[in-house]
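Some notes on the structure that comes next.
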Amino acid sequence: MVLDIKDAPEKAQRIFKQLVEVFDEQGINPTPLNYYIWYQYYKGNHPRFRQEMDAALNDPFGYNDRLGRRLYDEYFSDDEPTNEFDRAFKRLINLVIQKMNVWSDKLESHTETLSQCTDSLNSEDVDAERLRELTQSVLSTASSMKESSEAFQQDMLQSNEEISHLRQQLIEAKAETMTDELTEIGNRKAFNHSVRDAVEAHSDQPESLILILSDIDHFKRFNDTFGHLVGDSVLRYFANMMKKTRGENESLCRFGGEEFAILLTHSDLDAGMERAETIRETLQQARLKRKDSTKNLGEITASFGVAAFAGEEQESIEDWIHRADEALYQAKNSGRNKVVAAEPFQPATDG
């Protein structure tokens, strides 16, 4: 049985992408049963179950494997899935639980046998023959326990590999949805996520967040003169050049068309201006040539707008982006191939 994310409804795919991060952040044991419980929690179709999970998550002891098993038995053992992915997932969980129950029964039987042997050994009338029988029984039980344990571990490993396979599919799928196919850097969706995460993480120092918007000058000329394939090559070159010099505190994305965005954290406006200027100079010095010709494509330049975030108490993320875009427009409108700092945020005044 192989769970395939392509078989999952869109909502299920979104949930599992969340779970990949949640399990990592909270250190939850990534077993099929735990994934199923948390999948159902985010799905939100069982109000009483959600209330109990909420209460458990607010408890100092939090969520654990034993709680997950109890919640499954109470709320989902008789639940009827509504789509093929959920049915496959439920079959996997039931198979895991069946194997857990078989192992538990065997363990109980082995424990009972050992207990009986212990009682017999404590008896005063144990002769040599009986001692040999008891010893053989203990050894046989121990051997059987070892075999059962190894078989159970192998079964659990196979089941966990199903979830690991699904998890890897989700990680890859998420990466694909966040990557610009042409330039292989983050796309607009990745940019939106990066900005939201950065604003939340730096709420105490919003001014340390710097946004650089850049736009290749006269890009239409490359497409019109040399064709769209050459235009694509220019975009890839620009993206690769920025990737090669990217610092650890930078997120780089294709904002749209020939426009790119760089988000700097733990920085300031002066450092953002300096970074933009370095990119501008490096690009201007580049001399690209077509593969089928020794003639270069001419000078390639870009314009830049740089803005520091004022903080959510003063401006929204959209306002911040707008200020950076206004600075970029000013760079374009005043001759291009320039870096312009955005005007400081000015709150709206009444009247």
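The values are calculated or read from the model by the stated rules, or taken from the named source; none is laboratory data. Because the structure is predicted, anything quoted here is derived from the model rather than measured. So basically every Cβ, Gly included, is an ideal-geometry build from the backbone, and we count neighbours across all protein chains shown. Calculation scope for accessible area: heavy atoms of the full protein, side chains included, ligands and nucleic acids excluded. Shrake-Rupley method; radii C 1.70, N 1.55, O 1.52, S 1.80 Å.
The GluC sites (Glu not before Pro) of the range 203-275 that meet both conditions, a loop assignment by DSSP and at most 12 other Cβ atoms within 10 Å of the site Cβ, are E248.
The figure for R50 is an accessible area of roughly 80 square angstrom, using a 1.4 Å probe on the protein chains alone.
Calculate, for the range 242-351, the solvent-accessible area per residue in square angstrom, rolling a 1.4 angstrom probe over the heavy atoms of the protein chains.
So the range 242-351 comes to 58 Å² accessible per residue, rounded to a whole number.
Net charge of the neighbourhood of A341, taken over other residues with C-beta under 14 Å away and scored Lys/Arg +1, Asp/Glu -1, is -4.
Note on S140 and H46: their simple-model spin labels are 4.2 nm apart, each label 7 Å out from Cα toward Cβ. With every protein chain in place and a 1.4 angstrom probe, the accessible-area ranking of M241, M273, largest first, reads M273, M241. Near A302, the amide H atoms lying under 5 Å from its own belong to D217, N337; only residues 5 or more places off or on other chains count, and H is placed 1.01 Å from N. Residue by residue, the range 29-34 carries 3J(HN,Hα) couplings of 4, x, 8, x, 5, 5 Hz when phi is fed to the Karplus relation 6.51 cos²θ - 1.76 cosθ + 1.60 (θ = phi - 60°); x denotes Gly or Pro. Given the pairs K189/K332; K17/K332; K17/K338, which span a C-alpha to C-alpha distance of over 32 angstrom in this model? From the list (K189/K332; K17/K332; K17/K338), the Cα-Cα distance tops 32 Å for K17/K332; K17/K338.
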